[in-house]
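Down below is the structure, laid out as C-alpha cells.
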Amino acid sequence: WRKGAPSISTLNSELARFKAVFSKLKELGEWDLPHPLEELKPFREAEREMAFIPKEKLPQLIELVTQHNRSDMLKIVKICLATGARWNEAAQLRGSQLSKYKITYTNTKTKKNRTVPISNALYEEIYKPSSGKLFEECYTPFCYILKNKLGIYLPKGQASHVLRHTFASHFMMNGGNILVLRDVLGHADISMTMRYAHFAPDHLAETIEKNPLAFL
C-alpha cells in the first residue's frame, strides 16, 4: 500500500457514501438509470489486531484510575468494562439515558439505540438526579495511564476501544453467548462480533476429536 494513499477503510467508507447518494436519488425518483455502484464490492481489509487488557492487569487499571484526581474517570471505565460501551458513549452519558439498573445508548455508531443491564452497585455509583450530562471528559489522562502506567501494548488508534475489546474478550472467555454479545455491542453484522468467537473456551474444540489423526 503506497505511503500517503488513503487507507482501505477510508476508501470503503467513501464507497458506502457514494452508494448511499445514488440509492437516495433512486428512492426520490431523481435517478432513472441503473445504480452505477450497486455491483461494486468493498475492498477486503486485513483483520486488525485487537488489544485487550488481560485479567491480571484489570485490578492494576482500576487502582491507577482510582488514584487519579478525575473521579469521573473511574465511573466511565467501569461503565465500559460492564457494558462494552465505546469510550464516547460512556463519557457522554446523560441522566436521561439511565433507568433503574439499565443504560440506554443513543446516537450510536450504527444509529440504533441499545439498552444494556447493569448491576445495582454500578447504578448507585453513577446515578445523579439529573437528566443532563453525568461526567466531565477525561479521555486524555486515561490515555496517559494506559500508555505510561499500565504497561500494555496498544496498536495505533485503539486506546478509545480497548475497554470495549476487553469487555467482549472476557465475555467470551467467561462462556458468554456470541449472539448476546452481538446485541450488547450493538453490531449490525454478526461478522463483526465473530472476531471475538475464538476467545470462547470451547471454540473449535472439536478439532481435537474430529480430525483424521485422532482415528488412527
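The values are calculated or read from the model by the stated rules, or taken from the named source; none is laboratory data. These numbers were taken from a predicted model, which means no experiment stands behind them. Cβ: placed from backbone, ideal geometry, glycine included. Neighbour counts: every protein chain shown. For the accessible areas, the whole protein counts, side chains as well, though only heavy atoms, and no ligand, DNA or RNA atoms are used. Shrake-Rupley method; radii C 1.70, N 1.55, O 1.52, S 1.80 Å.
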Index of the failed condition, I8 passing every other in (1) at pLDDT below 85; (2) of a type outside the set (S, T, N, Q); (3) open to solvent by 70 Å² or more (accessible area, probe 1.4 Å)
(3)
Selected residue (criterion: farthest from R182 (Cα to Cα)) from residues of segment 95-134 that are open to solvent by 20 Å² or more (accessible area, probe 1.4 Å) and in contact with a Pro (Cβ under 8 Å, 6 or more places away or on another chain)
Y101
Exception for R44 within (1) more than 27 Å from M192 (Cα to Cα); (2) exposed (fewer than 11 other Cβ atoms within 10 Å of the Cβ) falls at (1)
Segment 135-216: helices (runs of 4 or more DSSP H) wholly inside it with 2 or more residues that are aliphatic (A, V, I, L, M), crowded, with 18+ Cβ neighbours inside 10 Å and at pLDDT 85 or above are 162-173, 178-185
Would you pick out the residues in segment 11-26 that are of a type in the set (S, T, N, Q) and modelled with pLDDT of 80 or more?
S13, S23
Applying the selection to segment 91-134, what residues are in contact with a helix residue (DSSP H, G or I) (Cβ under 9 Å, 6 or more places away or on another chain) and part of a helix (DSSP H, G or I)?
A91, L122, E125, I126
Any chance you could count how many residues in segment 83-94 are touching a strand residue (DSSP E or B) at 6+ places or on another chain (Cβ under 8 Å) and surrounded by fewer than 22 Cβ atoms within 10 Å (Cβ to Cβ)?
2
Can you run down the residue pairs with Cβ atoms below 8 Å, 6 or more apart or on separate chains, where the first is in segment 192-213 and on the phi > 0 side of the Ramachandran plot and the partner is outside any loop (DSSP other than H, G, I, E, B)?
L204/H198
I'd like to verify a number: residues in segment 23-45 that are among the acidic types (D, E) and over 33 Å from the mean Cα position of the chain (by Cα), how many?
2
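Considering every residue within segment 119-136, establish whether at least one is small (G, A, S), touching a residue at least 60 places away in the same chain (Cβ under 8 Å) and in contact with a Phe, Trp or Tyr (Cβ under 9 Å, 6 or more places away or on another chain). Lay out the reasoning, then the answer.
Residues of segment 119-136 small (G, A, S): 119, 121, 130-132.
Checking the rest, the ones that are also touching a residue at least 60 places away in the same chain (Cβ under 8 Å) come to none.
Within segment 119-136, not a single residue is small (G, A, S), touching a residue at least 60 places away in the same chain (Cβ under 8 Å) and in contact with a Phe, Trp or Tyr (Cβ under 9 Å, 6 or more places away or on another chain).
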